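Following: one structure in structure tokens, then a few remarks.
Each reported figure results from applying straightforward, stated rules to the coordinates on display, with no laboratory input. This is a predicted model, so every value here is computed, not measured. Every residue, glycine as well, gets a Cβ built from its backbone with ideal geometry; the counts of neighbours run over all protein chains shown.
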Amino acid sequence: MAATWLTRAETCSSLAAVTTAWVHGRIPLLVIALLAHDTAGAVVPDLDALRSRYAGEYEFIGGSAERASVPAAVERSVDGMFFIARGIAYDRLLKSSQVCERYTLDFAASRVSVAGSCRTPDVSPADGSEVEHRTRQGETSKLSQKFVGDTLVQEFRGDEGARKVVWTLLPDGNTLQAQVLITSKHLPRPVEYALTYRRKVSTGTVADGGQGDAGR
């Protein structure tokens, strides 16, 4: 989900340009008033409100269909590679694409923490600065996490490729979707798949939904 935000400087610059044109008789005053009204509504998202909305524990509810979509996406990505390299790439990608049964999102102490039950927690500054990150498999990358519009975006940059996860909290406030994109110069095409989680409201219960599949 993309959004365009005007900075204060850009807004002032636009209004100044239009006002100058009006002074020279080229643009009616009404146009200036309409532009001022539109740009006034282009405000930066309330990050504190977003963090409050996203924070919590979520459980996988995608079932067998979404689980099966992961190896299928990996298979499509490596299709066409030399058979030895293909097998190595397939196994490596599948290990790095485990479907965690639970995720906990936390935004305390000016940092973003995305902790999956099957992964090393992803922790980095809330301002989007990059930090060193290491997975359970020993793979290293540069990690950054920040809100872009009303979505939480994780970006992992490594020597061999990149991984991007876009987390979107749906209007119901409970359903969390993860859109995953893995790219590499060694892959014929990207790995793309989506997973669905639901906010956990009490022990052993998922809000308005059933339990996900058993964990690995």
### Query
So which chymotrypsin sites (Phe, Trp or Tyr not before Pro) in the range 47-136 end up in coil per DSSP with only 12 or fewer other C-beta atoms within 10 Å?
82
### Message
Neighbour counts of other C-beta atoms within 10 Å: give me 79, 150 arranged from fewest to most.
### Response
79, 150
### Query
Does the range 56-175 come out rounded, prolate or oblate, given a ≥ b ≥ c as the square roots of the eigenvalues of its C-alpha gyration tensor, rounded meaning a/c under 1.5 and, failing that, prolate meaning a/b above b/c?
oblate
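Could you pull out the trypsin sites (Lys or Arg not before Pro) across the range 102-142 that fall in loop regions by DSSP (anything but H, G, I, E, B) with no more than 13 other Cβ atoms inside 10 Å?
Details: sites: 102, 111, 119, 134, 136, 142; in loops: 119, 136.
Taking the range 102-142 and a limit of 13 other Cβ atoms within 10 Å, the loop trypsin sites (Lys or Arg not before Pro) found are 136.
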